[in-house]
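What follows is one structure encoded as structure tokens, with my remarks underneath.
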């Protein structure tokens, strides 16, 4: 009887997971299915949940655009490349300069150290929209609008505090004894950071790099304001243009959306065991 | 690098350490500043200086155009805002969005965390799958839902039609009272997993004995949840709550892509209004005043939450 109860309970709980699975997968699978449909099937009533004539044409159109396709899908591949360049640059710079700062904040006691820590949390709270006007004014007077560099620099405003906080949390967990031992061996602070703390924190650094890449890949607001030419825009802006006022390209948007979602989803799967620690560190506290 | 046990012993035995000289501290401080300089320079350049500039700009009438002449108007921009009904409507809608989406995410996230924690068949799969919506970029998420709600071929219409719940396809996003809830659903799909994952991890870290002890004492499932798990989960709940509230209050991307603030401004949020003033409408002064207010609100909310988070009894 006990055993029957237990099985019944398991089955009941399992039934409860089904709506959750449905909620997670219904939108994304529909997006995927639509990305494989042609225009006619997309508009079919009743709806074709699974395309009867699946086609890769939508993907081919935006990855290897021919002359026939319009301007927006033709530049998707460029946008993809821009996004990769910008997100990787942001990630590398954040790890390089952020790790130095994170180390100083958690392992060196000095005046104003605590104030700076709090200041860095506070800057993470400032929304992008509050910084955009000055950045835009200075950026346009320097002629940086539509250049990737302005996105790399401005993405620092949210990515760097985030990276510093995550790395600070990871560095804090390195045993102090190791550091003291290295100091006695005559290691300098920088030596300790690069030879002791960083090697031990590799999983943490990888996790930080992944999160930094994700936030930079995801960013839309700065990219919308700072890029207007086809050559300069990033993937989120390109996708917004698929549904934009000029031309509605539903098939392109569906395929583009799947392509844009792939890198972050793959990264998240690869580093799933770091996800929660990264989320918590990025949230507020170190 | 391998550390010989001898050194660890030396390091932990303070009598073996050389007496720290006074200059060592000073040297340390200098190193700290050197290490911080690159990051501080960046933060100064892209955050601190712009926010001060925004604050100053908010006291000027600053139209964009060929002859940009800025005139000092004192608190004029703020006064104009306060008198403008659109501003208050926008604040109200932003609050509506924030409270509804964060509320749903917290309650739903908690429910899913509990579900995973009770280890039904396939709970590990479920936990991994939760990462997918969270990892999908915000703009892709918005675009996806925009087409789900589409009037001509959207999946929502398709589904409801097949279930026999509607007779004709409905242009969902043109319905004034439904537009905001639909945007909220899209946001919940995207961010609920974030809350669920944080809470689930916290639940998994709770000591099992407490639950068992309460169970022996005759507490039912609800009592165990309410009096034991919930108080212990408070730090995790607060982390999720801060992150989500601060983010939801500044919502822009998802509104931009799904509704463009429409229909009839029914999804116009405060950040969207700021964007409109700052760029398409060219009222930089008003834009600056609005954006400064957003920062101010956000930091106040965050400070309140942080005070809770750093309650001393929870730091151990």
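The values are calculated or read from the model by the stated rules, or taken from the named source; none is laboratory data. If you're wondering where the values come from, they're calculated on a predicted model, not measured in any experiment. Neighbour counts are summed over all protein chains in view; Cβ atoms, including those assigned to glycine, are modelled from backbone coordinates with ideal geometry.
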Boolean, residue B:100 is buried (at least 17 other Cβ atoms within 10 Å of the Cβ) and either at pLDDT 90 or above or under 30 Å from residue A:255 (Cβ atoms) (or both):
yes
The correct count of residues that are more than 10 Å from chain B (Cβ to nearest Cβ) and either buried (at least 19 other Cβ atoms within 10 Å of the Cβ) or without any contact (Cβ under 8 Å) to a residue 24 or more places away in the chain (or both) in the stretch A:160-172 is 8
Are any residues in the stretch B:161-172 in a helix (DSSP H, G or I) and modelled with pLDDT under 90, and if so, which ones?
B:161, B:162
Please state which of the following conditions residue A:125 fails to meet, knowing it meets all the rest: (1) modelled with pLDDT of 90 or more; (2) buried (at least 17 other Cβ atoms within 10 Å of the Cβ).
(1)
Selection count where residues are part of a helix (DSSP H, G or I) and closer than 27 Å to residue A:238 by Cβ, scope the stretch B:107-156:
18
Kindly evaluate residue A:212 against the criterion of being closer than 26 Å to residue A:119 by Cβ, under 23 Å from the mean Cα position of the chain (by Cα), crowded, with 22+ Cβ neighbours inside 10 Å and modelled with pLDDT of 85 or more.
yes
Quick one: which of B:148, B:91, B:56 is modelled with pLDDT of 90 or more and facing chain A (nearest Cβ under 7 Å)?
B:148
Residue count for the stretch A:5-56, restricted to those that are surrounded by fewer than 18 Cβ atoms within 10 Å (Cβ to Cβ), assigned to a helix (DSSP H, G or I) and in contact (Cβ under 8 Å) with a residue 60 or more places away in the chain:
2
Can you list the helices (runs of 4 or more DSSP H) lying wholly within the stretch A:182-266 that have 2 or more residues being at the interface with chain B (Cβ under 10 Å from one of its Cβ atoms) and within 27 Å of residue A:38 (Cβ to Cβ)?
A:235-242
What about residue B:47, is it assigned to a helix (DSSP H, G or I), without any contact (Cβ under 8 Å) to a residue 40 or more places away in the chain and touching a helix residue (DSSP H, G or I) at 6+ places or on another chain (Cβ under 9 Å)?
yes
Exactly one condition in (1) modelled with pLDDT under 90; (2) within 7 Å of chain B (Cβ to nearest Cβ); (3) buried (at least 18 other Cβ atoms within 10 Å of the Cβ) is not met by residue A:153; state its number.
(1)
